[in-house]
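K.L.:
So that we are looking at the same thing, I have put the structure below in structure tokens.
The values are calculated or read from the model by the stated rules, or taken from the named source; none is laboratory data. Bear in mind the structure is a predicted one, so any value in this text is a computation, not a measurement. All Cβ positions, glycine included, derive from the backbone under ideal geometry; neighbour counts span all protein chains shown.
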Amino acid sequence: MSRVSVLRCLLPPLCAALLLSVAPLRAQPVASTAVSVPAPGMARIWWYRALDPYSSLATPYVRLNGAIAGVSQPGGAFYVDVPPGHYHLSVDTIGVDFGQTQDVDLMPGMQLFAKVVSNDNWITGGGRGGGGGYRRDTFYVWLYPVQQAWPVIAQSYFYGGGPLYAGQTAIVLPPR
């Protein structure tokens, strides 16, 4: 057999073995990720969203004082370290309702837990009897104490975290 024939015979199985041996790239569960406290003089905001079977799979931006802080992923969590101060927490949404946003004052060392909740039946229409209708999601930011938030966060996929820098447009973007 010539060298070319040997390479043609061995190359596909070697490539397949290499591809199968590489671990898939995906977010790690928060419980398996080393989570520390905020840096001295900083506060931490945890953003999370439960993976509910009938909730929206949309991935809206979450915002701090109008600036993008990350992307809300179903079943995902991330954190943002920020300087102490006043913050307006919101999430991009179609519908406008009361109680969708939160205003908070953070102190150094404080951790806040902001859950993104969807109402996927906010706007519906079309499909008179035969399907083909549409739905538009609306999202809310609700604050929870650590005792209620952490069990959900611990089972979520961790999409990273870190400090929010002035002028930064996004902290965490989902893996593509």
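K.L.:
Sort out for me the strands (runs of 3 or more DSSP E) sitting completely within segment 69-119 that have 2 or more residues that are hydroxyl-bearing (Ser, Thr, Tyr).
P.N.:
Per the criteria, 85-91.
K.L.:
Here's a follow-up. Only one of 173, 143 is outside any loop (DSSP other than H, G, I, E, B) and either at pLDDT below 75 or in contact with a helix residue (DSSP H, G or I) (Cβ under 9 Å, 6 or more places away or on another chain) (or both); which?
P.N.:
Of 173, 143, the one residue that is outside any loop (DSSP other than H, G, I, E, B) and either at pLDDT below 75 or in contact with a helix residue (DSSP H, G or I) (Cβ under 9 Å, 6 or more places away or on another chain) (or both) is 143.
One line per residue, one yes/no per condition, for (1) among the aliphatic types (A, V, I, L, M); (2) within 12 Å of residue 158 (Cα to Cα); (3) out of contact with any helix residue (DSSP H, G or I) (no Cβ under 8 Å at 6 or more places or on another chain):
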| site | (1), (2), (3) |
| --- | --- |
| 43 | yes, no, yes |
| 54 | no, no, yes |
| 58 | yes, no, yes |
| 68 | yes, no, yes |
| 76 | no, yes, yes |
| 86 | no, no, yes |
| 89 | yes, no, yes |
